[in-house]
Amino acid sequence: MKNADLEKHVKGESLFVDDIPEPAGTLYAYVLDSPIAHGIIKSIDFGDIKSAEGFIDVLTWHDIEGENQVGGIIHDEVLLAEKEVHFIGEPIAVIVADSARNAKLIAKRISIEFEKLPVVLDPREAFSKKLLIKPPVIFQNGNVENAWKECSFIAEGTVESGGQEHLYLETQCALAVPKESDSIKIYSSTQGPTVVQRTAAKVLNLPMNKIEVDVLRLGGGFGGKEDQATHWAVLAALAAKKTKRPVKLVLSRLQDLRVTGKRHPYSSDYKIGLTDDGKILAFQVTYFQDAGACADLSPAILERTLFHVANSYHIPNILATGISCKTNIPPNTAFRGFGGPQAMFVMESAIYNASVISGIPVKLIQKNNLLDEGDEFHYGQIAENVNARKCWNYADEIYSFEKMESEVHKFNEDNKITKRGIAYMPVCFGISFTSTFLNQASALIHVYSDGSVGVSTAAIEMGQGVNAKIISIVSQTFSINSDKIRIESTNTTRIANTSATAASSGADLNGNAALIACKNILERLKKSAAEELSLNDYSSISIKEDWIYNKDIKTDLSWELLVNKSYMKRINLSSHAFYATPQIYFDRTINKGRPFAYHVYGTAATVVELDCILGRYQVESVSIVHDYGKSLHHNVDVGQVEGGLLQGIGWMTLEEIKYSDSGDLLSNSLSTYKIPDIYSAPREINIHFLKNSENPFGPLKSKAIGEPPLMYGIGTYFALLNAMRAFNPNVHYQISAPLTPEKVLLALYKK
Ligand code: MTE
Ligand code: HPA
Ligand code: MOS
């Protein structure tokens, strides 16, 4: 089976928001935003814009009838600036015109006078000035103070990891269309239709039932549209309500890069303690998260960092503090891994440092400390169905770590100026939204009288293949050909109270809901078949490949015939079903509980080759064993591992977000911000599925796939570091991510 969208994508036939035929009378909005990172708005001079070509209207915060507030977790973010601006790109006014071009030209005529205020860009400086999103959060177990005394080796250090631009191909956009009785339909490129609906209702002062949000698909989200698609959708809706005309708002690439939030940079201090045989006894860490100017999802992201402190290892004594710091850049937001990668990078850096100090190889420390069945995570959950060691051992078995290492060693003996390095990266990632209430989903399935099937869920297709997976579930459960199944747009009038498609749980939650809905209809159909066949009981009825069987003998009933006969008998051929992940809870007064339904495991071995004259490098190979559970869709899962890996490699090596001292994004275009392309992809990617892994919490025993593979990219950083140290053993092992070619070159020759 192919990814449902493949053919349409290749032919350019897939529809995105900007492709939807515009209703007659559609207007276009342009957002005028703050050119300074911190200051007071003294006055706004609109000049002669009313006479400008194409001018229709201009909106400021005064036009908001409801609340001027878009903050989800913390109510600290206005939709349109009132008196003060806090980052470059903060929306101030919306210009509505007869064309997008005119709207933008009109915006240029508006001048704003500011009184500048001090700009803070460094999270540690923000911390020292008490500029925090919320009070620090602490996760701990055991007692690190006692444990240090038992340690033979203690290493300390500081780790920096940078931001990352989502670079979804489709920029942020929305089309808002006024409907009768003051209601509004919003087509939005969002991962969270209900977030858009709820926020629009609040800002427009309407009940949620007057806002309909419809999402067909996204041209990528990667977390960047979990929270930050909302602003543009609500601004379009606000303008549509005021002008009583459809309003479209599409950000240009440059505007999108400049004004939207990114992955959070972290600056972290750690201390790690080992016994003389390489057992990690204690780990203490403080994360300074650069949240940007408002909370957005930062508290949830910081919390996931705190859950993933120890990556795939069992550490009996942990003291982890998370500090979310307020700086004058656009609010940073969800990005694949959601704070987990930042934690794991610190953990792996600490292990590297501990290895240098103790002389115990990194690989041994990693292997010796992998999680085992029954180990307790520092947040209280007991590790069950642990596949950490299984993945590591299977990877070692099929790829032979020793052979890879000796090849690297030989290469380095034979070559003076090109060096290779190898590193291993085990990953353990918790699956479930860490905000327990978000772990719910619904599905609405219709079987039409001709036997074709329409499926609605809360899942958003953003290229990750969730639609293909849901089709696979429906097709397997009914045992009908996937050609008969169509996935409908995600729409808040069909599926209410949706959780964003995020936390890698889209297929799990919505797939499980779809599975229940299918089973409901299936039972009715089987009963109906038994009736047609004059049987008392339907237990002997089965459906196989679009045909009805009784006691495994083919009957005269095809799927279509049975459906049609059932319809004529007035049997309900639709089902709405609900799924909520069982057995999860978390107590924030003590930061203990069972927050995750399960964990995803895997191991990657990475080999890089470094040109020590130029500082340029190539990832030779990444060899992975990944725990997919029972895969719902082999090709989609492999694609997610490859894509996640490459995104992780980009974060660790190439992608460098830079702001000027005044808070202006310097890496503001694709000529100054480098994402990995086919040339920076590994020459070889080997992926093996862990065998015999079945997951009781996933639909049809599958496992979530979306985020965990990104963290295999962390291995590239350390493989590179090893290659550098093969050339010059004095290269300092605490550099910072991303390890760009420039940084590599400077470090190689630093005295
Ligand atoms: N893959 C593609 N092609 N495009 C995306 O936007 N988002 C990632 C991941 N893989 C993304 C992707 C992120 S951040 C998440 S949380 C998951 O997909 C969400 O989808 P899922 O829950 O269905 O795995
Ligand atoms: N992951 C992704 N998005 C989220 C989460 C999470 O754990 N919690 C709230 N939003
Ligand atoms: Mo993904 S960062 O949870 O959208």
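The values are calculated or read from the model by the stated rules, or taken from the named source; none is laboratory data. Model, not experiment: these values are computed from the prediction. FYI the Cβ positions are ideal-geometry reconstructions off the backbone, even for glycines, and counts take in every protein chain you see. Just the protein is used for accessible areas: all its heavy atoms, side chains included, with ligands, DNA and RNA removed. Shrake-Rupley method; radii C 1.70, N 1.55, O 1.52, S 1.80 Å.
Structure data summary
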{"read-out": "Spatially near lysine pairs across the range 11-131, Cα under 29 Å, sequence gap of 8 or more or different chains", "value": "20"}
{"read-out": "Solvent-accessible area per residue for the range 372-438 (1.4 angstrom probe, square angstrom)", "value": "47"}
{"read-out": "Relative compactness, the range 251-346, computed as alpha-carbon Rg over 2.2 N^0.38 Å", "value": "1.24"}
{"read-out": "Relative contact order %, the chain, counting alpha carbon pairs below 8 Å whose residues are six or more apart", "value": "14"}
{"read-out": "Percentage, to the nearest whole number, of Cα pairs in the range 575-707 over 17 Å apart", "value": "71"}
{"read-out": "Per-residue ³J(HN,Hα) for the range 178-185, Karplus 6.51 cos²θ - 1.76 cosθ + 1.60, θ = phi - 60°, Hz, x for Gly and Pro", "value": "x, 10, 5, 6, 6, 8, 9, 9"}
{"read-out": "Number of Lys pairs (Cα under 14 Å; 8 or more positions apart or on different chains) in the range 179-267", "value": "12"}
{"read-out": "Semi-axis lengths, Å, the range 440-580, gyration tensor of Cα atoms, sqrt of 5 times eigenvalues", "value": "29, 14, 13"}
{"read-out": "The chain: antiparallel DSSP beta bridges as a percent of all, rounded to 5", "value": "80"}
{"read-out": "Selection of trypsin sites (Lys or Arg not before Pro), the range 119-165, meeting DSSP coil and at most 13 other Cβ within 10 Å", "value": "Lys129, Lys130"}
{"read-out": "The range 594-696: trypsin sites (Lys or Arg not before Pro) falling in loop per DSSP and having at most 14 other Cβ within 10 Å", "value": "Lys658, Arg683, Lys691"}
{"read-out": "Accessible area per residue in Å² at 1.4 Å probe, computed on the range 617-683", "value": "40"}
{"read-out": "Residue-wise HN-Hα coupling along the range 231-237, computed from phi with Karplus coefficients 6.51, -1.76, 1.60 (Hz; x: Gly, Pro)", "value": "3, 6, 5, 6, 5, 5, 5"}
{"read-out": "Per residue solvent-accessible surface (Å²) - the range 525-602, probe of 1.4 Å", "value": "56"}
{"read-out": "Loop sites in the range 623-687: chymotrypsin sites (Phe, Trp or Tyr not before Pro), DSSP, at most 16 other Cβ within 10 Å", "value": "Tyr679"}
{"read-out": "Ellipsoid semi-axes in whole angstrom, largest first, where each is sqrt(5λ) of the Cα gyration tensor of the chain", "value": "42, 38, 23"}
{"read-out": "For the range 617-687, diffusion coefficient by Stokes-Einstein and Kirkwood Rh (Cα), 10 °C, 1.306 mPa s, µm²/s", "value": "112"}
{"read-out": "Peptides 382-392, 60-70 ordered by average Cβ neighbours within 10 Å, highest first", "value": "382-392, 60-70"}
{"read-out": "Rounded percent of accessible protein surface that carbon and sulfur make up, the chain, 1.4 Å probe", "value": "51"}
{"read-out": "222 nm mean residue ellipticity, helices alone, for the chain (DSSP H n ≥ 4; -39,500 (n - 2.57); rounded to 500)", "value": "-9000 deg cm²/dmol"}
{"read-out": "Computed lengthening from Glu65 to Asn550, 0.36 nm per intervening residue step minus Cα-Cα distance", "value": "168.4 nm"}
{"read-out": "Net dipole in debye of the range 440-580 [+1 Lys, Arg Cβ; -1 Asp, Glu Cβ; about Cα centre; nearest 20]", "value": "240"}
{"read-out": "Dipole in debye (nearest 20) - the chain, about Cα centre, beta carbon charges: Lys, Arg +1; Asp, Glu -1", "value": "480"}
{"read-out": "Placed amide H near Ser574: partners under 5 Å, 5+ positions off or other chain", "value": "Val447"}
{"read-out": "Nearby lysines by direct alpha-carbon distance to Lys519 (threshold 25 angstrom, same-chain neighbours under 8 apart not counted)", "value": "Lys2, Lys469, Lys484, Lys527, Lys544, Lys551, Lys554, Lys565, Lys569, Lys630, Lys701, Lys703"}
{"read-out": "Amide hydrogen neighbours beyond the local backbone of Gln164, cut-off 5 Å, H modeled", "value": "Arg263"}
{"read-out": "For the range 572-647: relative contact order, % (alpha-carbon pairs under 8 angstrom, 6 or more apart)", "value": "19"}
{"read-out": "Spatial separation of Cα centroids for the range 360-423 and the range 103-180, in angstrom", "value": "32"}
{"read-out": "Relative packing of peptides 170-176, 593-599 - highest average C-beta neighbours within 10 Å first", "value": "170-176, 593-599"}
{"read-out": "The range 440-580: antiparallel DSSP beta bridges as a percent of all, rounded to 5", "value": "85"}
{"read-out": "Estimated vicinal HN-Hα couplings, Hz - the range 277-287 in sequence order (Karplus 6.51, -1.76, 1.60; Gly, Pro = x)", "value": "9, x, 7, 7, 8, 8, 9, 10, 8, 10, 9"}
{"read-out": "16 Å Cα-Cα reach of Lys279 towards lysines, excluding residues that sit fewer than 8 places from it in its own chain", "value": "Lys149, Lys271, Lys363, Lys367"}
{"read-out": "Given charges at beta-carbon only (K, R positive; D, E negative), |dipole| of the range 574-648 in Debye", "value": "480"}
